[in-house]
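The values are calculated or read from the model by the stated rules, or taken from the named source; none is laboratory data. If you're wondering where the values come from, they're calculated on a predicted model, not measured in any experiment. No Cβ is skipped: glycine too gets one built from the backbone with ideal geometry, and neighbour counts run over all protein chains shown. Accessible surface is based on the protein model in full, side chains and every heavy atom, while ligands, DNA and RNA are left aside. Shrake-Rupley method; radii C 1.70, N 1.55, O 1.52, S 1.80 Å.
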Amino acid sequence: MERSLPSLDNRLATFALIAVTLLVYAQALPNAFVWDDEEQVVNNPVIQDMQNIPAVITGSTFSTGGGGLSGTFYRPIVTISYLFNYQFWGVNPWGYHLFQILLHAATALLLFWILRRLLESLNSPLTTWLAFSLALIFAIHPAQVEAVAYVGSVGDILAAFFALLSFALLLAGIDKEKTAIEGHHLWGSIAAGALGLFAKENAVMIFPIAALYLFFFTPSPRKIFTRYIFGAAGGILLYLGIRLLIAHVPFGGAPLSPIAEASFAARFLTIPAEILHYIVLFFFPSYLSVSQHFVITSPFAIGFWGPLALLALAGIIVGKFLKNAGAAEKKIALFGIAWFFLGLLPVLNIIPLYMTVAERWLYFPMAGLLITAGVGIFVVLRGATTRTFRICLGAAVCIILLLSFRTTLRIGDWRDGLTLFGHDIQHTANSFDLENNYGTELFRAGRFAEAEEHFARSVVLQPRWTISRNNLGASYGRKGDDVRAAEEYHASIAIGDYYLAYENLAGLLIRTKQFDEARALLEKGLRILPSNTNLAAMYRSLPVGAKK
């Protein structure tokens with residue numbers, strides 16, 4: 001069968017991969033900005049002027065409504081991508097989506113090249129076809145929609161792009177005997193990995209992944225391995241120095257999600273369910289949602305031992321399957337498994353995060369699953385008859401078509417905030433941020449009573465979130481309940497100095513002629529948010545006797 005298999009031209013494969021990716025994701029181009037896009041792009045004045053690049057390097061990610069860039073994320077390359085896109089498209093989401101789709105296609109091409117290099121040791125014409133098919137699955141998999149269609153998630157693609165570029169440069173620089181590496185490839189690999197860190201923190205995992213490859217796939221790894229480890233350490237230290245000493249953006253923070261508020265023991269017990277979630281998402285991407293919160297609190301709960309048992313069973317099945325594989329095949333498969341688990345490590349809530357699981361967090365680890373799947377498929381097909389190969393080929397085409405169809409459906413969910421949150425809230429219970437986000441879209445659509453219900457539910461689920469408290473206050477204020485509105489605005493300000501709460505409360509105080517209180521509030525707000533033009537305009541509008 002392998003002898004009759006036609007060779008796959010790299011240029012044709014490249015064109016096909018780009019074309020299919022663009023075709024599947026083209027319907028995302030007219031989609032609107034949603035969720036964090038508003039704070040990172042639409043309402044972010046920092047991205048409107050190229051002269052703000054120093055502020056981007058020395059700040060965080062989110063606009064604070066007059067207080068500069070804030071938050072515990074340090075992802076300057078993400079903000080720089082917004083800045084450059086703004087120069088071409090302004091706040092037209094079409095251009096941002098185009099940039100993200102093209103970046104996704106480029107990342108898929110890098111994965112295709114890496115898969116080809118990893119599988120070439122199997123010495124079969126089948127491996128090039130396998131590499132192409134796996135890269136195509138990566139490109140059109142429904143789990144990737146969140147990373148590609150959500151402008152606020154461009155960091156996941158940028159981090160993966162630089163991480164894969166880092167690994168590709170490393171592979172390209174190693175000689176045929178795998179005993180040495182060219183210096184410019186080595187330092188280019190380390191530089192690309194460091195750039196990935198400036199896009200998103202999880203890119204750091206490319207360094208241990210690459211180190212594993214050097215250790216297990218090079219016959220005399222010590223010299224290359226040692227140089228790489230020291231170089232990688234230098235790249236990480238450079239990132240830490242800029243982040244902590246220049247930008248002064250610390251790690252951690254206080255996420256408000258249920259998993260972040262859980263004890264370390266509960267977060268540890270939740271890890272098997274998280275891992276199983278991503279494996280199921282890869283093989284059966286039917287249930288998709290932007291905000292998923294769950295916590296396992298007892299080792300006796302089925303949510304702990306059920307996933308643990310299923311993972312153990314999966315491990316046994318993979319182990320028995322690999323018994324029929326050759327030494328090279330086993331090594332590549334185990335490397336893929338290691339890639340998957342190392343890629344997931346930063347998002348398993350060992351360090352608390354903003355939700356328990358997220359589809360975009362599978363973007364980079366998926367490469368590891370595809371590597372292992374590729375070996376499994378190769379073992380099945382290497383001695384297959386022509387009839388068996390044709391059956392498998394037909395099945396592969398059907399799988400790709402089904403995945404593409406599911407992806408197009410999910411892209412449709414991302415058309416706008418009302419569509420997205422309205423869809424996901426039907427399938428996701430007890431999500432404080434989803435309740436608030438859906439309420440926001442309902443409020444904008446004039447469905448005020450429904451919006452208030454969701455704001456109130458969000459506050460019950462998470463009373464310490466500034467945004468939902470402010471939004472509930474706005475809902476009360478719209479129907480004339482100024483007392484309850486002021487209470488929610490005050491709560492939002494007390495919790496986290498939310499800029500819209502300052503603006504809304506100041507407007508309420510001015511409207512009700514409480515000028516002394518308004519003056520005091522505005523002065524406090526302008527000390528915290530000195531560049532907030534709305535607060536400044538309201539302060540100037542106060543009667544002369546109300547100002548000091």
>> Which residue is farthest from residue 414 (Cα to Cα), if the candidates are limited to the range 448-480 and must be outside any helix (DSSP H, G or I) and in contact with a helix residue (DSSP H, G or I) (Cβ under 9 Å, 6 or more places away or on another chain)?
In response: 479
> Within the range 409-426, can you find the residues that are open to solvent by 40 Å² or more (accessible area, probe 1.4 Å) and touching a helix residue (DSSP H, G or I) at 6+ places or on another chain (Cβ under 7 Å)?
Replying inline: 418, 423
> If a residue has to be free of Cβ contacts under 8 Å to residues at least 24 places away in the same chain and either open to solvent by 60 Å² or more (accessible area, probe 1.4 Å) or farther than 19 Å from residue 210 by Cα (or both) to count, how many in the range 227-247 make the cut?
Replying inline: 7
> Quick one: how many residues across the range 280-310 are open to solvent by 40 Å² or more (accessible area, probe 1.4 Å) and either in contact (Cβ under 8 Å) with a residue 12 or more places away in the chain or not β-branched (Val, Ile, Thr) (or both)?
Replying inline: 13
>> Residues that are in contact with a Ser or Thr (Cβ under 8 Å, 6 or more places away or on another chain) and of a type in the set (Asp, Glu), at least 1 per element: which helices (runs of 4 or more DSSP H) completely within the range 252-325 meet that?
In response: 264-283
>> I'd like to check something: does the range 381-392 contain any residue that is buried (at least 19 other Cβ atoms within 10 Å of the Cβ) and in contact (Cβ under 8 Å) with a residue 24 or more places away in the chain?
In response: yes
>> Return the pair list, or none, for Cβ contacts closer than 9 Å from residues in the range 133-152 that are closer than 18 Å to residue 290 by Cα and assigned to a loop (DSSP other than H, G, I, E, B) to residues that are open to solvent by 10 Å² or more (accessible area, probe 1.4 Å) and among the aromatic types (Phe, Trp, Tyr), at least 6 apart or on different chains.
In response: 141/282; 150/35
> Pairs under 7 Å by beta carbon, first residue in contact (Cβ under 8 Å) with a residue 12 or more places away in the chain in the range 483-497, partner of a type in the set (Lys, Arg), six or more apart or different chains?
Replying inline: 488/469; 491/469; 492/469; 495/464; 495/469
> Any idea how many residues of the range 454-485 are in contact with a Gly (Cβ under 7 Å, 6 or more places away or on another chain) and surrounded by fewer than 22 Cβ atoms within 10 Å (Cβ to Cβ)?
Replying inline: 1
> Which of (1) aliphatic (A, V, I, L, M); (2) open to solvent by 40 Å² or more (accessible area, probe 1.4 Å); (3) modelled with pLDDT of 85 or more does residue 41 not meet, given it meets every other one?
Replying inline: (2)
